[in-house]
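Asks: Here it is: the structure, laid out below.
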Amino acid sequence: MKRAIYPGSFDPLTNGHIDIARRALLVCDQLLIAISHNQEKSPLFKLEERKTMIEQAFYGDARVSVSYFSGLLVDFAAKIKAPIMIRGLRAASDFEYEFQLAAMNRSLNPDIDTVFFMTGSDSYFLSSRLVKEVALLGGDVTKMVPAHVAQALANKRPHNQIL
Ligand code: ADP
């Protein structure tokens, strides 16, 4: 049984994250999507909201579970006995940071390895940060996130936006 962990802030989940998770499920049996407590200082969505959005997106797929973590990712991965960490790569700009992070994690715990999946052609430009920015300014993000996430983003839009 191959168990992998897919960590991130998922604020909110995008089709890019879903794409990476689906690719990861081709090579692992169980995927734990782990929402980080400590990365973002002022997230748009609460941890519970992010967890519910992810659970809804993978509803009915018993291979996927969702939880939170704080502290060192490698410690959490060791605790839940997941020797593989999944990360996604969009562009060359992701590579440097991800390379550094993977090397750091390996030096902290050599038994846990990072496996990278390359984004699909529909998702290479998607980041939670940009999707939030576009949605809050009233842009259409329905092709970039699942329908329930688009609705949650629309609910966050200020009603008294000055046009
Ligand atoms: P983001 O970078 O979108 O703010 P996260 O911190 O939640 O999101 O990212 C978690 C992981 O998912 C990272 O490895 C990130 O590179 C990857 N990821 C996010 N969006 C995409 C995408 N569109 N295509 C491929 N990987 C992605």
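Asks: How much of the accessible area of region 3-124, probe 1.4 Å, is carbon plus sulfur, in whole percent?
Replies: Working: 3670 of 6700 Å².
Carbon-and-sulfur percentage of accessible area, whole number: 55.
Asks: Still on this structure, please answer the following. Using a Förster radius of 30 Å, what is the FRET efficiency between Phe116 and His159 based on their Cβ-Cβ separation? Nearest 0.05, please.
Replies: 0.15
Asks: Accessible area per residue, 1.4 Å probe, Å², for region 14-163: what's the number? Before the final figure, lay out the partial values.
Replies: Values: 9180 Å² over 150 residues.
Counting only protein heavy atoms, the per-residue value for region 14-163 is 61 Å².
Asks: Moving on to the next point. Dipole magnitude of region 3-124 about its Cα centre, charges +1 at Lys/Arg Cβ and -1 at Asp/Glu Cβ only, in debye to the nearest 20?
Replies: The dipole of region 3-124 has a size of about 200 debye.
Asks: When Rg is the radius of gyration of the Cα atoms in the chain and Rh is its Kirkwood radius, what does Rg/Rh come to? Don't skip to the end; give the middle numbers.
Replies: Details: Rg = 15.9 Å, Rh = 16.4 Å.
Dividing the radius of gyration by the Kirkwood radius yields 0.97.
Asks: List every residue whose amide H lies under 5 Å from the amide H of Ile86, counting only residues 5 or more places away in sequence or on a different chain, with H placed 1.01 Å from N in the peptide plane.
Replies: Distant-sequence amide H within range of Ile86: Ile5, Tyr6, Val115.
Asks: Please list 3J(HN,Hα) in residue order for region 50-66, calculated via the Karplus relation 6.51 cos²θ - 1.76 cosθ + 1.60 where θ = phi - 60°; whole Hz, with x for glycine and proline.
Replies: These are the phi-based 3J(HN,Hα) values: 5, 5, 4, 4, 5, 4, 5, 5, 10, 3, x, 9, 5, 6, 10, 10, 10 Hz.
Asks: Name the chymotrypsin sites (Phe, Trp or Tyr not before Pro) in region 1-73 that are in a loop by DSSP and that have at most 11 other C-beta atoms within 10 Å, would you?
Replies: Numbers: sites: Phe10, Phe45, Phe58, Tyr59, Tyr68, Phe69; in loops: Phe10, Phe45, Phe58, Tyr59.
Of the chymotrypsin sites (Phe, Trp or Tyr not before Pro), the ones in loops of region 1-73 whose Cβ has at most 11 other Cβ atoms within 10 Å are Tyr59.
Asks: Checking the table Lys41/Lys143; Lys51/Lys79; Lys51/Lys156; Lys2/Lys79; Lys81/Lys143 against a 24 Å threshold on Cα-Cα, which pairs fail? Write out the running numbers ahead of the final one.
Replies: Details: Lys41/Lys143 27 Å; Lys51/Lys79 20 Å; Lys51/Lys156 17 Å; Lys2/Lys79 15 Å; Lys81/Lys143 35 Å.
Beyond 24 Å between Cα atoms: Lys41/Lys143; Lys81/Lys143.
Asks: 222 nm [θ] for the chain, helices only, -39500 (n - 2.57) per DSSP H run of 4+, per residue, to 500? Present the calculation step by step, with values, prior to reporting the outcome.
Replies: Details: 6 runs with 64 residues, N = 163.
Theoretical 222 nm ellipticity from helices: -12000 deg cm²/dmol.
Asks: Compute the relative contact order of the chain as a whole-number percentage, counting only Cα pairs closer than 8 Å that sit 6 or more residues apart in sequence.
Replies: Rounded, it is 28 percent for the chain.
Asks: For Arg106 and Leu136 in the same chain, what is the full-extension length gain: residue separation times 0.36 nm, less their Cα-Cα distance, in nm?
Replies: Details: separation 30, 0.36 × 30 = 10.80 nm, distance 3.76 nm.
Contour length minus the Cα-Cα distance gives 7.0 nm.
Asks: Follow-up question, since we're still on this one. Work out the charge dipole of the chain with +1 on the Cβ of Lys and Arg and -1 on the Cβ of Asp and Glu about the Cα centre, then indicate which of Ala152, Leu137, Ser107 is farthest towards its positive end.
Replies: Highest projection toward the positive end goes to Ala152.
Asks: Post the alpha-carbon centroid distance, region 97-119 to region 38-87, in whole angstrom.
Replies: One Cα centre to the other: 17 Å.
The values are calculated or read from the model by the stated rules, or taken from the named source; none is laboratory data. Treat the numbers as computed from the prediction; the structure is a model and nothing was measured. Ideal geometry is used to build each Cβ from the backbone, glycine not excepted, and the neighbour counts take in all protein chains shown. We work out accessible area using only protein heavy atoms, side chains counted, and drop any ligands, DNA or RNA first. Shrake-Rupley method; radii C 1.70, N 1.55, O 1.52, S 1.80 Å.
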